[in-house]
Every structure is written in C-alpha cells, then in structure tokens.
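> Below: one structure in structure tokens.
The values are calculated or read from the model by the stated rules, or taken from the named source; none is laboratory data. Everything numeric in this text was worked out from a predicted model, so none of it was measured. Here the Cβ positions follow ideal geometry from the backbone for every residue, glycine too, while neighbour counts run over all protein chains shown.
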Amino acid sequence: MPTRPTTANSPAYGSAEQFGPQIRRVLARNPSPMTLHGTNSYLVGTGDVALIDPGPDDPAHAAALLAALHPSERISHIFVTHAHLDHSPLAQPMAQALGVKTYAFGPATAGRSAQMQALAATGMVAGGEGIDAAFAPDIPLADGETLAHGDWALTALHTPGHLSNHLCFALGDVLFSGDHVMGWASSLVSPPDGDMADYRESLHKLAATDWSILHSGHGAPITSPATRLRELIQHRDTREAAILAELAKGETTIPALTKTLYADTPPALHPAAQRNVLAHLLELTARGTVAAIPAPGPTSTFHLR
C-alpha cells in the first residue's frame, strides 16, 4: 500500500507514496547528480489511472508501477513531460504491454525555436545530453489541450526551455511540473535542445496561475509554488546580470565565465553549468546585446556590442 510522502535522504524505491486521494508517486532507482534520488513517476486517479513520466527503461520500475495499482485498477493513458532518458524510455514498452497510448507534445525536437533550429543545423553548439531520440508519442498534445477520463482531467501546458517538447500537466490547481520547476535545483538549459529565452518565458507563464502544489520530475513536492517560481525567475535575472557585469570588464569565454560565476559549484557539475552559461549568452546574442567571435558556440569569445 502507498506510504506517506517523504523528503528523507533515504527514499523508498519500489513502493508508492500517496499524495491525497488522486496522486501516487513511485520513485525510479536512477539517482545521480542530475536526477537527485531518481525520477518521480506519478499515478493519477483511480480505476482507469493516468501514468505521468514512466521513467527509464527499467523492468523493476515497471513492475513497481504496476504493483502500486489496486486489483481493480489499470493504467489507461501514459503521459510524458519530455523526451529525456530519465523520463520517457519506459513509455513505449509499457504502452505496448498494456495496449494503451502515449501522449506528449512530440518528439525531442518538437517545439524548437527558430534560433535553436538554425543553431542545430550548424552543428556548432553540441548538446544532445540525455536525449531520448527514439521517443515519439502515439498522440501529440497541444498547449492547453485537456484530456479527461474517469475521475481525472489533465491539461497540457507547453513549457519549452529545459527541452523544447517539455509539457507540464495541470490537475486542477495541482501541477506536474516535470523538470521545468524543481525545488532542489534549477533546470539544465542546454542548447539547441534547451532555450533560455523559452525557459524564462515558460516560468512567467506558470507564475500567472495560483497553483496549490507542484509535483516535479525529481525531488520533493513544492508546497509554495509562487515563491519557488519567483526564486527561479530571479535566479535567471541575477545570472544574466552577472554575465553582463563580467562582459563589461572585457571579452571572455564560457569556461572563464563558469569558473567565476559557479565558484561555489562542485567542479564535476561545471560542464552542465557551462551549458547554462551558453544558453544565457545565446539569448543575449539574439537580443543584440552580446556578440561572439566566431559565430556563437561553446568555444567562442564573447563581448558586449
């Protein structure tokens, strides 16, 4: 049976935690510096149950998800927030085994901005970390589209930024925020798969609604959504200001900026931090505030215009 929610350092793998009458969480055993304890998979509703983010292709996790169901229940729909290897690979195997459909915005490249499409075509900005290139939903969902079944109704909200095909799912005033909003860390934004301008716009989009709680892709529930969204918006504003302050001193590179701006971050996480710095610089370049020599990329030198 589901247990009470926990935020302890020793999470319970293989069993469901209950969050009110309609939500159960099953934690995948894929801990890492980028996933915290692992991926949160959610079972929503009773009877015919929706599964959000099946997670990695792990038979033990699939078995745990099925074991979390009551005898009279079945998984009737599978939803995916985004096509990263810690969220989507189990979707198709489970869908085929259960005879159900998968729902998401589209494949990993769906929803890319024109800037990111152009950059991807050049091959100069690398990226591709953790992408599930094989994923494609059976049924694409549009922004604002609602799917109702049994005792649940989920509304898809397109929130590109962390990944261009990222969706959050609203269950009334409860939001399943995927990797767009997490309580323990800010999101990786790695171009061309991620887009900082889109990410910030999506934060403001979510901040316009008075959510009661956010259930994220990794970590504990966020019980003060408005506060957390303000923190993340401010964090990106502050990071941009710090980048501009360094550029005001003269031309510089992404490794040099990362070493200065992420001085308190473990060096093992600096490669991910460099991707976020690149994302900020690409946004500033698109605005005409910053220029790069040569064309913008991980090895470019950047300066103020």
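> Within the range 138-185, can you find the residues that are in a loop (DSSP other than H, G, I, E, B) and either on the phi > 0 side of the Ramachandran plot or basic (Lys, Arg) (or both)? Walk me through it before giving the result.
As a first pass, look at the range 138-185 and keep what is in a loop (DSSP other than H, G, I, E, B): 138, 141-145, 150-151, 159-166, 172-173, 179-185.
Scanning the range 138-185 gives 144, 150, 161, 172.
> How many residues does the range 289-305 hold that are over 17 Å from residue 195 (Cβ atoms) and either part of a helix (DSSP H, G or I) or without any contact (Cβ under 8 Å) to a residue 60 or more places away in the chain (or both)?
9
> Do you know which of the residues in the range 98-132 that are within 28 Å of residue 170 (Cβ to Cβ) and free of Cβ contacts under 8 Å to residues at least 40 places away in the same chain is surrounded by the most Cβ atoms within 10 Å (Cβ to Cβ)?
Per the stated criteria, the residue is 102.
> Considering 279, 245, which residue is among the hydrophobic types (A, V, I, L, M, F, W, C) and either farther than 22 Å from residue 117 by Cβ or out of contact with any Phe, Trp or Tyr (no Cβ under 8 Å at 6 or more places or on another chain) (or both)? Working first, answer last.
Details: 279 fails: either farther than 22 Å from residue 117 by Cβ or out of contact with any Phe, Trp or Tyr (no Cβ under 8 Å at 6 or more places or on another chain) (or both).
Answer to the selection: 245.
> Also, quick follow-up: Scan the range 187-246 for residues that are of a type in the set (D, E, K, R), more than 14 Å from residue 284 (Cα to Cα) and in contact (Cβ under 8 Å) with a residue 12 or more places away in the chain and jot them down. Step through it out loud before you land on a result.
So the first thing to find is which residues in the range 187-246 are of a type in the set (D, E, K, R), and the list is 193, 195, 198, 200-201, 205, 210, 228, 230-231, 236-237, 239-240, 246.
Now drop any that are not more than 14 Å from residue 284 (Cα to Cα), which leaves 193, 201, 205, 210, 228, 230-231.
Hits for the range 187-246 are 193, 201, 205, 210, 228, 230.
> Restricting attention to the range 36-52, which residues are closer than 25 Å to residue 271 by Cβ and either of a type in the set (Lys, Arg) or at pLDDT 95 or above (or both)? Step through it out loud before you land on a result.
First, the residues of the range 36-52 that are closer than 25 Å to residue 271 by Cβ: 36-40.
Scanning the range 36-52 gives 37, 38, 39, 40.
> Here's something else I'd like to know. How many residues are more than 16 Å from the chain's Cα centre (by Cα) and buried (at least 18 other Cβ atoms within 10 Å of the Cβ) if we restrict to the range 59-90? Write out each step before concluding.
Of the residues in the range 59-90, the ones more than 16 Å from the chain's Cα centre (by Cα) are 59-78, 90.
Okay, now just the ones that are also buried (at least 18 other Cβ atoms within 10 Å of the Cβ), so 61-62, 64-65, 68, 75-78, 90.
Count: 10.
> Next question, about the same structure. Give the residues of the range 267-291 that are more than 25 Å from residue 33 (Cα to Cα), out of contact with any Pro (no Cβ under 7 Å at 6 or more places or on another chain) and crowded, with 19+ Cβ neighbours inside 10 Å, sorted by residue number. Full working, then the answer.
Taking the range 267-291 and keeping what is more than 25 Å from residue 33 (Cα to Cα), we get 282-291.
Now narrow it down to the ones that are out of contact with any Pro (no Cβ under 7 Å at 6 or more places or on another chain): 283-284, 286-291.
Within the range 267-291, 283, 284, 290 meet the criteria.
> Taking the range 79-130, which residues are touching a strand residue (DSSP E or B) at 6+ places or on another chain (Cβ under 9 Å), within 16 Å of residue 161 (Cα to Cα) and of a type in the set (D, E, K, R)?
Selection gives 129 alone.
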